[in-house]
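Notes follow once the structure below has been shown.
The values are calculated or read from the model by the stated rules, or taken from the named source; none is laboratory data. On a predicted model such as this, the values are computed, not experimentally measured, just so you know. Note that we place each Cβ from the backbone using ideal geometry, even for glycine, and neighbour counts take in every protein chain shown. Remember, those area values only see protein heavy atoms, side chains included, never the ligands or the DNA or RNA. Shrake-Rupley method; radii C 1.70, N 1.55, O 1.52, S 1.80 Å.
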Amino acid sequence: VGFQKILTLTYVDKLIDDVHKEFRDKYRNEFQQKGTLGLLNGTFDFKDDFMRLLRDAEESSKVRAPTVMKTFEQSLKSQKTVKCMIETRGEKPKEKVKNKKNKGSKKEGTEAVAAPGKASAGDKQPSAAGDREELTKDEILQKNREEFFKRHMKAGEKSSKSPKPEAQKEKGKKPRVWDLGNSNAKVLDYSNSATNGSAEACPVEEFDPDTALGDRNREPGRLYDLEYESDDEAEEEKVIQNPSKPSAKKGGLGGMFGMLKGLVGSKSLTREDMDPVLEKMKDHLIAKNVAAEIAVQLCESVAKKLEGKVMGTFTTVTSTVKQALQEALVQILQPQRRVDVLRDVMDAQRHRRPYVVTFCGVNGVGKSTNLAKISFWLIENGFSVLIAACDTFRAGAVEQLRTHTRRLNALHPPESHGGRTMVQLYEKGYGKDAAGIAMEAISYARNQGFDVVLVDTAGRMQDNAPLMTALAKLIAVNAPDLVLFVGEALVGNEAVDQLVKFNKALADHSMAQTPRLIDGIVLTKFDTIDDKVGAAISMTYITSKPIVFVGTGQTYCDLRSLNAKAVVAALMKA
């Protein structure tokens, strides 16, 4: 039992089972009466029974005939000839034809194994029975495996002989060509370039201006308003009924009361009247990406404004609340202080100093991309721009600005501006102090006569205290004329948290008595949100600062000014 691998005894398993049953049946009553202590203290006379069971097991194993190795004539290999082993290409094997004609080939195969053992017609049954007895379990398994592999080999041959396609695909990768993209992909291939990213060694790009500018029919230098077509005019006409044209078909008092159903006439509004409408308005604003806290505050302010107000005849509560909410939203989007960048740049020119704009925001909102758009807009208005690469942390930030500078110079070469370079990049590489680079860039712009300095900063989360301290230091040391917060239109409640914490960090870490806070907002990715424009409301409500620019696409011309009425129309759309 302990060394089955060394000495193979076929009867061991049967012997152990028999001993277990015999011992259990013989001493069952003693186990039940004495319990566990009886097992430990009792004696068991079981030697004679064990020897008897061992003799029986040995005798039963001797009765079984030992397995004899087959001769070559009895094996399957002896039935195959050399001719049947040779297969020529293009010929179908004979086995396939047989299988098609006779589906019961498996039965024939099993009978063929026993066929070589036939000696005469009289001893058919004994020889077959003897072969079955001679086959061990291992031999049966091996035989089944061979049949399994044969079947799968035949299936593989069928699939491999399927007709090949006439035109083979060319090897190697091909670049994807987008429907609306640029076809000059060779310009973007720098794999064989040895310039190592230096601005002087990089070749001048040749590209189609339509891909960079978008609309060629636009007016150069003009900042267009956002456009949105409202579908609510027809609905408003249905809500406000015309008293001069009552319905005459219904006739009598019944038709008149049916028309007046749900209308409030010459009655002061109460909070109970407005609560159901305000609840729906609040849910609608939240669904349009307005921060939940701000949506509640807006509805509260509308309720306080309308409470006790006497309504006009034939006017519903819903239309009155909706009109008041629209007016409040337009007022929020039109703050008291309006930022006019072109006017301020010309004022700085008169004082012979550059106009400095600093961009800040969280990671990945599009600061560098929209900085390039604003640069293009300023160049088209005749102002020269110096870009200060103060993002010394993110890998590829300087190279991104260098590429934008090269493309902007290709669109507005010095030859078109009297030999004057309209845009230039000031960079000192990575790992440097951003505040020091900005100071050097402003001094360089003053000496070289640049009109505007655009300072690009690294993206940072509003909870990162060390990075927020560094941003406050940059703004406090360089005192820019305009601090723009770049935020994306995709956010909801996060917009409030970002702006509040950015302003708080600038106030806490500033060394001046009146700290510089955010002056305006650049709202990016506005083309990705359809009519969910609530982030614009959230940002302006929490800061009371205007949205100066709106990014609406990927080309340099995709820059818009905010149209408050268009945004409110999209916000109120059902």
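Could you run the Karplus curve 6.51 cos²θ - 1.76 cosθ + 1.60 with θ = phi - 60° over region 542-553 and give me ³J(HN,Hα) per residue in whole Hz, x for Gly and Pro?
7, 10, 6, 10, x, 8, 7, 10, 10, x, 10, x
Calculate one ³J(HN,Hα) per residue across region 486-491 by plugging θ = phi - 60° into the Karplus curve 6.51 cos²θ - 1.76 cosθ + 1.60, and present them in order as whole Hz with x for glycine and proline.
9, x, 8, 6, 7, 7
How much accessible surface does residue 30 have with a 1.4 Å probe, in Å² rounded to 10?
50
Where does the Debye-calculated log10 I(q)/I(0) of region 264-409 sit at q = 0.20 Å⁻¹, using only Cα point scatterers of equal weight, no solvent?
Values returned for q = 0.20 Å⁻¹ are -1.17.
Using amide H atoms built in the peptide plane, which far-off residues or other-chain residues are under 5 Å from residue 423 H to H?
Here 385 satisfy the definition.
Could you give the spread of the C-alpha atoms of region 381-432 along their three principal axes, from largest to smallest, in whole angstroms?
Each principal axis gives a Cα extent; for region 381-432 these are 37, 17, 15 Å.
For the cross-link pairs 367/428; 367/504; 305/367; 80/137, which exceed 29 Å when the distance is taken from alpha carbon to alpha carbon?
Beyond 29 Å between Cα atoms: 305/367.
Using DSSP to call loops (not H, G, I, E or B), can you name the GluC sites (Glu not before Pro) in region 285-393 whose Cβ has at most 13 other Cβ atoms within 10 angstrom? Don't skip to the answer; put the middle values down first.
On the way: sites: 293, 300, 307, 327, 380; in loops: 307.
Of the GluC sites (Glu not before Pro), the ones in loops of region 285-393 whose Cβ has at most 13 other Cβ atoms within 10 Å are 307.
Can you give the Rg and Dmax of region 460-574 based on its C-alpha atoms, in angstrom?
15.0, 48
In a shell of Cβ-Cβ distance under 14 Å around residue 400, excluding residue 400 itself, what net charge do Lys and Arg (+1) and Asp and Glu (-1) give?
Local charge sum for residue 400: +2.
Between residue 225 and residues 5 or more places away or on another chain, which pairs have amide H atoms under 5 Å apart, with H built 1.01 Å from N, and which residues are they?
561
From the phi angles alone, apply the Karplus equation (6.51, -1.76, 1.60; θ = phi - 60°) to region 274-287 and give each ³J(HN,Hα) in whole Hz, x where the residue is Gly or Pro.
Whole-Hz 3J(HN,Hα) from phi for region 274-287: 8, 4, x, 5, 5, 5, 5, 5, 5, 4, 5, 5, 5, 5.
Obtain the radius of gyration and the Kirkwood radius of region 344-452 from its C-alpha atoms and give Rg over Rh.
0.95
5 Å is the cut-off here: which amide hydrogens, built 1.01 Å from N in the peptide plane, fall below it relative to residue 455, excluding neighbours closer than 5 in sequence?
Amide H to amide H, under 5 Å and 5 or more residues apart or across chains, residue 455 pairs with 357, 358, 359, 388.
Which whole number of Å³ per residue matches the convex hull of the alpha-carbon atoms in region 317-401? Don't jump to the answer; show the numbers that get you there.
Details: hull volume 12.9 nm³, N = 85.
With only Cα atoms used, region 317-401 gives 151 Å³ per residue.
Using Stokes-Einstein with the Kirkwood hydrodynamic radius over Cα pairs, what translational diffusion coefficient do you get for region 507-569 at 10 °C and a viscosity of 1.306 mPa s, in µm²/s rounded to a whole number?
Answer from the Stokes-Einstein relation: 120 µm²/s.
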